[in-house]
Amino acid sequence: MQTAMRKLWWALLIGGIASVVFGVLAFAWPGPTVLILALFFAAHVLVEGVFVAIGAWRARGERQHWWMWLVLGLLGTVAGAIGLWLPAAAAGALLLLIACYALAAGVLLVWAGIKLRHEIKGEWALMLLGAVSLLFGGYMVAQPAAALLGLVWAVGAWAIAAGVLKIVLAFKARRFAAAAPAT
């Protein structure tokens, strides 16, 4: 561990500086930040949708309600593909994509939680996850401008905070490495 600290403190420093720069840029230029977030979100939803659809298709003979998961997977796949194909439109529709996905996932997750409750006593986490998704999607539909700006600001604030902490850690690691005896 000491050897790694001695040799790699600079990587933490560079990563921290990059995080702070990204966070400042997110506040300074929210438009390009939204485009980048839209692309990453679209890629995430596409990949998740494909794997959920594959899992549902494979479970079609074992589960009675496998089609519900297939619908969720196909929704994610379509939303992700649209976002990757039209990134400028995805940036403008990022809110709508997230809200629709959250609302659809919320409805399906609450429904699945109700069904699962009959099989697993006391199961509440799936229904709570669905309810949280419904609330989140509903807020984004009701307050789109605030939600989009809040999303960019949250990412920017996180990046700055994480970057500052990485920089502090890098200098602590550098001091530790300078004081540690060579092994």
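The values are calculated or read from the model by the stated rules, or taken from the named source; none is laboratory data. Because the structure is a prediction, the values reported are computed rather than measured. Cβ: placed from backbone, ideal geometry, glycine included. Neighbour counts: every protein chain shown.
With the structure loaded, tell me whether residue 45 is surrounded by 18 or more Cβ atoms within 10 Å (Cβ to Cβ), within 23 Å of residue 106 (Cα to Cα) and in contact (Cβ under 8 Å) with a residue 40 or more places away in the chain or whether it fails that test. The answer is yes for residue 45. Do we find that residue 178 is in a helix (DSSP H, G or I) and loosely packed, with under 14 Cβ neighbours inside 10 Å in this structure? Against the criterion (in a helix (DSSP H, G or I) and loosely packed, with under 14 Cβ neighbours inside 10 Å), residue 178 qualifies.
Taking the stated definitions as given, is residue 156 of a type outside the set (A, V, I, L, M, F, W, C), closer than 30 Å to residue 10 by Cβ and in a helix (DSSP H, G or I)? Yes: the conditions hold for residue 156. Being in a helix (DSSP H, G or I), buried (at least 20 other Cβ atoms within 10 Å of the Cβ) and at pLDDT 85 or above is true of residue 76.
Residues checked against (1) polar (S, T, N, Q); (2) closer than 19 Å to residue 107 by Cβ:
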| residue | (1), (2) |
| --- | --- |
| 9 | no, no |
| 13 | no, no |
| 34 | no, no |
| 51 | no, no |
| 58 | no, no |
| 61 | no, no |
| 64 | yes, yes |
| 68 | no, yes |
| 82 | no, no |
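Within segment 61-80, residues that are closer than 17 Å to residue 116 by Cα have Cβ atoms under 7 Å from residues that are surrounded by fewer than 13 Cβ atoms within 10 Å (Cβ to Cβ) in these pairs: 66/60, counting only partners at least 6 apart in sequence or on another chain.
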